1. From the residues CYS52, TRP33, ASN18, which one has its Cα farthest along the dipole of the range 1-113 in the positive direction, the dipole being from +1 and -1 charges on Cβ of Lys/Arg and Asp/Glu about the Cα centre?
2. Quick one: what are the phi-derived ³J(HN,Hα) couplings along the range 81-86, Karplus 6.51/-1.76/1.60 with θ = phi - 60°, whole Hz, x for glycine and proline?
3. Under 5 Å between amide H atoms, partner at least 5 residues away or on a different chain: which partners does VAL115 have, H built in plane at 1.01 Å?
4. Can you list the HN-Hα couplings for the range 15-20, worked out from phi with the Karplus curve (6.51, -1.76, 1.60; θ = phi - 60°), rounded to whole Hz and with x for Gly and Pro?
5. Please report, as a whole percent, how much of the solvent-accessible surface of the chain comes from carbon and sulfur atoms (probe radius 1.4 Å).
6. Return the percentage of antiparallel bridges among DSSP beta bridges fully within the chain, rounded to the nearest 5 %.
7. With every protein chain kept in place and ligands, DNA and RNA left out, what is the accessible area per residue of the range 50-116? Probe 1.4 Å, answer in Å².
Amino acid sequence: ANPSFIPTYVLSSADYPNIAKFDKAQLAKHPSWSTLIRVSPTQASANRRVACKGFHRRSPTDSCDEFPNATTSQGGKGAVQEHVNITENKAQGGNLGGFYNANRLHYGEKFHIKVS
């Protein structure tokens, strides 16, 4: 194991086009958000409530996508929100969770994010 290794989550534009476009624009505005820190599910829920406060769905399939992700310490207050189809949003959230598991990323550990 290499304790200095920081894994990179690659957000696929092909698989998640709307989220990738949104996240890429936010990363261009906030380059420091390219390195994030994972938080616990309890903190993620609190972050999501704060980040999506005031969000109004436009349709039954609309959902609040936040960046930085609610599952990170940079999520929550200061995060920005976007309208994204709920199917794409849930799929991308599951993909990010899979990345956490595959990389054995614990709460409090850093990872990089980039859009492909």
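1. Farthest along the dipole direction, towards plus: CYS52.
2. For the range 81-86, the Karplus curve yields 10, 9, 7, 9, 4, 4 Hz.
3. Residues meeting the amide H criterion: LEU11.
4. Coupling constants for the range 15-20: 7, 9, x, 6, 5, 4 Hz.
5. Numbers: 3590 of 6760 Å².
Heavy-atom surface of the chain belonging to carbon and sulfur, 1.4 Å probe: 53 percent.
6. Working: 10 of 14 bridges.
Antiparallel: roughly 70 percent of the beta bridges in the chain.
7. Values: 3750 Å² over 67 residues.
Accessible area per residue, the range 50-116: 56 Å².
The values are calculated or read from the model by the stated rules, or taken from the named source; none is laboratory data. On a predicted model such as this, the values are computed, not experimentally measured, just so you know. Cβ coordinates were reconstructed from backbone atoms using ideal geometry, including for glycine residues, and neighbour counts include every protein chain displayed. In case anyone asks, the SASA skips ligands and DNA or RNA and just uses the protein heavy atoms, side chains included. Shrake-Rupley method; radii C 1.70, N 1.55, O 1.52, S 1.80 Å.
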